[in-house]
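The values are calculated or read from the model by the stated rules, or taken from the named source; none is laboratory data. Since we're looking at a predicted model, the values are computed, not measured. Cβ coordinates were reconstructed from backbone atoms using ideal geometry, including for glycine residues, and neighbour counts include every protein chain displayed. When the accessible area is computed, the model is the full protein with side chains, heavy atoms only, and any ligands, DNA or RNA have been set aside. Shrake-Rupley method; radii C 1.70, N 1.55, O 1.52, S 1.80 Å.
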Amino acid sequence: MKAAVVTFPGSNCDRDLAVALERAGAQVTRVWHKDSALPEGTDLVGVPGGFSFGDYLRCGAIAAQSPIASALRDHAARGGYLLGICNGFQVLTELGLLPGALMRNSGLTFLCKPATLRVVTADSAFTCGYAAGQQIAVPVAHHDGNYQIAPEGLAALRDQDRIAFTYGPGINGSVGDIAGILSQNRRVLGMMPHPERAADPATGGTDGLAMFEGVVSTLAHA
């Protein structure tokens, strides 16, 4: 299974994401944002956390204009898998690959702490390693993680079982306490918490490892 991890100026979790994918068995290639194409045979693209371009406009807005952006859209259009974490989630919404927007946290403060997540659905390659309703501990580190979507969009996410994770309890004002969502074809996941920071017992926990093992196993046997 081949994965590519994109690095933008200001990314700071790209190595962590690559290591987590490698630990789960993926062959990982690092991609620079000025590249115009993904490596041949890429199954999964990881868009990491950080502060792409310093988040000087809307978070992820400048990254969505990088040369690699067209390749990400094309990858999604042909049914490829994408995982956007924290700033990566923001980039995926700016690319139009996921609905909604990430706003300033309701408390107007940067949150950096462990968070309890509830797995809402196990029906995706990203969440198949968990049970629906399971609670896991995954750290957060964001200032603009308040997920918002219009009522009709929220209804669609619920009706289509596309809410992957919710916070329990809520921490940032996100509508429905949403922490992560899936695309309509369930092959794109965006989430604010950092599973790559919970994939090694030496760094504080392994509750995120099942995500990487699940998606790598699913794609390796597809």
- Scoring only Lys, Arg, Asp and Glu (+1, +1, -1, -1) among other residues with Cβ under 14 Å from the Cβ of Val188 yields +2
- If you average the sequence gap of Cα pairs under 8 Å that are 6 or more apart and divide by the length of the chain, what percent do you get for the contact order? 20
- Note on the structure: Long-range amide H partners of Val28, meaning residues 5 or more apart or on another chain whose placed amide H is closer than 5 Å, are Ala3
- Identify which of Ala137, Ala156, Ala63 has the largest mean-square fluctuation in a Gaussian network model of the chain, with springs joining Cα atoms closer than 10 Å. Ala156
- Task: Determine the sum of side-chain charges near Glu40: Lys and Arg each +1, Asp and Glu each -1, restricted to other residues whose C-beta is under 14 angstrom from that of Glu40.
- Result: -1
- Message: With the cut-off at 1.5 for a/c, could you classify segment 1-104 from its C-alpha gyration tensor as rounded, prolate or oblate?
- Response: prolate
- Query: Sequence-distant or interchain residues sharing an amide H contact under 5 Å with Cys13, placed H: which?
  - Reply: Gly49
- Item | Net charge, Ala131 excluded, C-beta distance under 15 Å - Lys, Arg +1, Asp, Glu -1 | -3
- Message: Could you give each residue of segment 147-153 its phi-based ³J(HN,Hα) in whole Hz, using Karplus coefficients 6.51, -1.76, 1.60 with θ = phi - 60°, and x for Gly or Pro?
- Response: 6, 10, 8, 4, x, 5, x
- Message: Rounded, prolate or oblate, given the Cα gyration tensor of the chain, with a/c below 1.5 counting as rounded?
- Response: rounded
- Task: Please say if segment 69-197 is rounded, prolate or oblate, where rounded means a/c under 1.5 for a ≥ b ≥ c the square roots of the C-alpha gyration tensor eigenvalues, and otherwise the choice is prolate for a/b larger than b/c and oblate otherwise?
- Result: rounded
- Query: Per residue, how much accessible area does the chain have with a 1.4 Å probe, in Å²?
  - Reply: 41
- Query: Using helices alone, what [θ] at 222 nm do you get for the chain, with -39,500 (n - 2.57) per DSSP H run of 4 or more residues, divided over all residues and rounded to the nearest 500?
  - Reply: -6500 deg cm²/dmol
- Query: What part of the accessible area of the chain, given as a whole %, is carbon or sulfur when the probe is 1.4 angstrom?
  - Reply: 50
- A correct Karplus calculation of ³J(HN,Hα) over segment 126-133, with 6.51 cos²θ - 1.76 cosθ + 1.60, θ = phi - 60°, whole Hz and x for Gly and Pro, returns 7, 10, 5, x, 10, 9, 4, x
- How big is the antiparallel share of DSSP beta bridges in the chain, given as a percent to the nearest 5? 55
- Message: Between Leu44, Leu57, Leu97, where does the largest GNM mean-square fluctuation fall for the chain, given springs only between Cα atoms within less than 10 Å?
- Response: Leu57
